[in-house]
Number of protein chains: 2
Amino acid sequence: MEECKPILNTGLRGFKVATTKISDVDGLAGKLIYRGYLIKELAGEISYEEVVYLLLYEKLPNKKELDHFKKQLAEERQLPPELILSLENRPKDALPMDILQAGAAMLAHHDPDAKELSLEAANRMAIKLIAKFPTIVAAWSRIRNNQKPIEPNPSLSHAANFLYMMNGTIPDDELTGFFDVCLVLHAEHSFNASTFAAREVASTRAHMYAAVTAGVGSLSGELHGGANTRVMEMLLEIGSVDKVEEYVTNLLDTGGIIMGLGHAVYQTDDPRAHILAPMSKTMGERTGETRWYEMTKLLEQKGKEAFKRKKGRDIYVNVDFYSAALYYYMGIPADLFTPIFAIARISGWAAHVIEEQFGGAAPKPVLYRPDSHYIGDYCGPDLCAFVPLEDR
Amino acid sequence: MEECKPILNTGLRGFKVATTKISDVDGLAGKLIYRGYLIKELAGEISYEEVVYLLLYEKLPNKKELDHFKKQLAEERQLPPELILSLENRPKDALPMDILQAGAAMLAHHDPDAKELSLEAANRMAIKLIAKFPTIVAAWSRIRNNQKPIEPNPSLSHAANFLYMMNGTIPDDELTGFFDVCLVLHAEHSFNASTFAAREVASTRAHMYAAVTAGVGSLSGELHGGANTRVMEMLLEIGSVDKVEEYVTNLLDTGGIIMGLGHAVYQTDDPRAHILAPMSKTMGERTGETRWYEMTKLLEQKGKEAFKRKKGRDIYVNVDFYSAALYYYMGIPADLFTPIFAIARISGWAAHVIEEQFGGAAPKPVLYRPDSHYIGDYCGPDLCAFVPLEDR
């Protein structure tokens, strides 16, 4: 069936631009599928490392394959000492996503695989990037506070090691498990803006670091991954459960939007939000500070009601809505929420870069190079006549 | 008129995804227009600084405006000392485009404007990026050879200052003029892959540095800006005029492509190639080494003939074809050709980021978030049933 609707200025919303075997988002049914598996069947059942394996190698690993893969990832966590030095040279008030973007680009400088356009090199770069992203984020969270980065611990899982590098203490199983689920839920989401940016760059045959660096940039925007930080800022601004209703009314009256409500694809609740919410509740009880969860829950209810009243249609929670309070309960500063999104999504980006360059989903790899509609009528319907500088 | 053709796996070729006032490429007529002006009327008549002004502020400057603008740009050429330090920490064999990508990302760390989403901040970031890109490239060309970077000279034009920072000598007027024309020709080209990547990132409301960093990544690919380096590598590989014909025959017989021939949009010769060719010829005569120009010319003729014979249709030269020998005559190493493309194109990227975020070309800013067609039939037409690790 051919597309036959105007594409101009739609942000390509609803246009299927490429075939993919990696994931599917059914926005109407609220289903997310990673390589054949429903996310709600995977979350809580498998580790992030298993998801990475699934995304990269198109099947769930058996015990032996998983052990080998975990070892490979753990061995690649270290950053080159020169990269730590370069991070230590950066201004301490730099935005963490900007540090991660520069860090991703700098990793290319240390890797000969960046000079080789092959599937083997791409797979190696994928492992290195997935292994090193948490180390960059954790190193920066310490460097900016004038602390020494903590060396990765190869005996810990991907999730536990990140929390360890952040805080210097090994997290317990419940905390590790919750964080692991967060990574699993954020790993992949088809042609979202950052993945599309990464694929776009990869389509020129640029290497994986160059492509992933674009993905980080795209994710940093507040309409994309930056939203989880904004949700937390909103919760902090509201401050208490009794102020939620007033906040919602004021915001919608002044034409504002509630961060974390609404999504480009889902026309029902984001399936990931339903998995995050109970973890946020448990963490609230565990820390004895239930208000961030309660505020989120009330904000969802009041926000949905107000939106329906105001606009006459429904709005739904997305993945950023319940992840915000959850990360906050884990002791993670709000401005690191988006980098944590990147720590998870790097596996999806890597899988997409590989599919774009070597997957053969398309009949032949082509460059993303759209057309545009020129409306530069600076001299009416005609071209402008050139006037030399002295006569202007 | 609605689009009504399959979009899937086309690389969006021929699909008008957005309105723009910045430039127009008429691929059939071989016309390139910057904000109302034909490129062939501008090239040789105006400086790169005037083109930047035109792209950013939608009109050609008068003498007073231009003087002020040139001063603004010249004042922003310096890099933060910490950025030079970070560059000096990078491995010397890093790819120059990878250095530029990291450098672009690192500039954000030093600029409070990166934290402000406003047109004013965007315009200031545009000037800083355009001013500093040449300094990063020139600094790296020296650092990697264990030389101290040369401080920018504010009394020189944008073009002359770059050549001066590269070599330490002030170029004469002819050389400066030729390089200036190269910058003018490469400044802007509508929704090419790197500009689309930059707009895609900007559409999430990420800041200009994040967006431009994506553009650099996209430009680095050999199907995009990386092509000019590949053209020079091809010329060096062929080595002499008498071997051109044999090279072309062998290449097409083995299914290879001739770099610099063919373009996503032009169905005639790239208008920029016709402006570059005579400059390459003059530089050949000036340096007493005419073969690179002569090889390029013969390669164009033989390549076009062979393609027509083989494929039954015409192929045309693009901007990278004649720029390669020209830059080489200027004493620029082949692996810096693509960074030089970026030094020029940064003005186009900046103008597009501003249009994407503040231009109002679209009725309302929307995120680029396409859909995809899922073909992950890993378990036939059904979803896969989850199997726990111990049973796999």
*Just tell me which aspartates and glutamates come within less than 16 Å, Cα to Cα, of A:LYS302; anything on the same chain fewer than 8 places away is out.*
A:ASP242, A:GLU245, A:GLU246, A:ASP253, A:ASP269, A:GLU294, A:ASP314
*Which of B:LYS40/B:LYS71; B:LYS16/B:LYS40; A:LYS148/B:LYS128; A:LYS243/A:LYS308; A:LYS92/B:LYS128; B:LYS40/B:LYS297 have a Cα-Cα distance over 29 Å?*
A:LYS148/B:LYS128
*Kindly report the accessible area of the protein assembly as shown per residue (heavy atoms of protein chains, probe 1.4 Å, no ligands, DNA or RNA), in Å².*
37 Å²
*Could you work out how far apart the two model spin labels at A:GLU116 and A:ASP67 are, taking each label as a point 7 Å from the Cα in the direction of the beta carbon, and quote it in nm?*
2.8 nm
*Could you work out the local net charge near B:SER47, counting Lys and Arg as +1, Asp and Glu as -1, over the other residues with Cβ closer than 10 Å to its Cβ?*
-3
*Residues of A:16-28, mean number of Cβ from any other protein chain within 10 Å of their own Cβ, rounded to a whole number?*
5
*Are there GluC sites (Glu not before Pro) in segment B:254-307 that DSSP puts in a loop and that have at most 11 other Cβ atoms within 10 Å, and which ones?*
none
_Shortest-first distances to equivalent copies, position A:ASP172, nm, label 7 Å out along Cβ_ = 8.0
*Could you sort B:LEU73, B:LEU85 by accessible area so the largest value comes first, with the probe set to 1.4 Å?*
B:LEU85, B:LEU73
*Mind running the shape call on segment A:141-300? Use the C-alpha gyration tensor, a ≥ b ≥ c as the square roots of the eigenvalues: rounded below 1.5 for a/c, prolate if a/b tops b/c, oblate otherwise.*
oblate
*Along Cα→Cβ at 7 Å, what distances in nm separate the B:ASP335 label point from those on the other copies, shortest first?*
3.6
*Exposure ranking of A:HIS207, B:HIS68 by accessible area [1.4 Å probe, largest first]*: B:HIS68, A:HIS207
*Taking the label point as lying 7 angstrom from Cα along the Cα-to-Cβ axis, what are the distances from B:ASP242 to the corresponding position in the remaining copies, in ascending order and in nanometres?*
9.6
*Which distance in nm do the two modelled labels at A:GLN147 and B:THR169 give, with both placed 7 Å along the Cα-to-Cβ direction?*
5.5 nm
*Quick one: with all protein chains in place, what share of the accessible area of chain B is carbon or sulfur, to the nearest percent (1.4 Å probe)?*
51 percent
_Report the gain in length on full extension from A:LYS310 to A:ASN250: 0.36 nm times residue separation, minus Cα-Cα distance, nm rounded to one decimal._
20.4 nm
*How much accessible surface does A:THR268 have with a 1.4 Å probe, in Å² rounded to 10?*
40 Å²
*About the Cα centre of the protein assembly as shown, how large is the charge dipole given +1 on each Lys and Arg Cβ and -1 on each Asp and Glu Cβ? Please answer in debye to the nearest 20.*
340 debye
*Cα gyration tensor of segment B:227-329, axes a ≥ b ≥ c as square roots of the eigenvalues: rounded (a/c below 1.5), prolate (a/b > b/c) or oblate?*
oblate
*Just the projected area, averaged over all directions, of the convex hull on the alpha carbon atoms of chain B: how many nm²?*
24.8 nm²
*Total Å² of accessible surface buried at the A-B contact, 1.4 Å probe, nearest 100?*
10100 Å²
*Could you state the principal axis extents of the C-alpha atoms in the protein assembly as shown, from the largest down, to the nearest angstrom?*
79, 56, 56
*asked:* Just want to confirm a number: the relative contact order over chain A, from Cα pairs under 8 angstrom separated by 6+ residues, in percent.
replied: 22 percent
*Exposure ranking of A:ASP253, B:ASP269 by accessible area [1.4 Å probe, largest first]*: A:ASP253, B:ASP269
*Simple Cβ-charge dipole of segment B:255-392, Lys/Arg +1 and Asp/Glu -1, about Cα centre, in debye nearest 20*: 740 debye
*Taking the simple approach of a point 7 Å from Cα along Cα-to-Cβ for both B:ASP242 and A:LYS31, what is their distance in nm?*
6.9 nm
_In segment B:227-329, if the dipole is taken from +1 on Lys/Arg beta carbons and -1 on Asp/Glu beta carbons about the Cα centre, which of B:ALA325, B:LEU298, B:THR268 is farthest to the positive end?_
B:THR268
*asked:* Return the equivalent ellipsoid semi-axes of segment A:1-99 as a descending list in whole Å, where each equals the square root of 5 times an eigenvalue of the C-alpha gyration tensor.
replied: 34, 27, 12
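The values are calculated or read from the model by the stated rules, or taken from the named source; none is laboratory data. Note that this is a predicted model, so its numbers are computed, not measured. Cβ atoms come from the backbone with ideal geometry, glycine included; neighbour counts cover every protein chain shown. Accessible surface areas use protein heavy atoms only, side chains included; no ligands, DNA or RNA. Shrake-Rupley method; radii C 1.70, N 1.55, O 1.52, S 1.80 Å.
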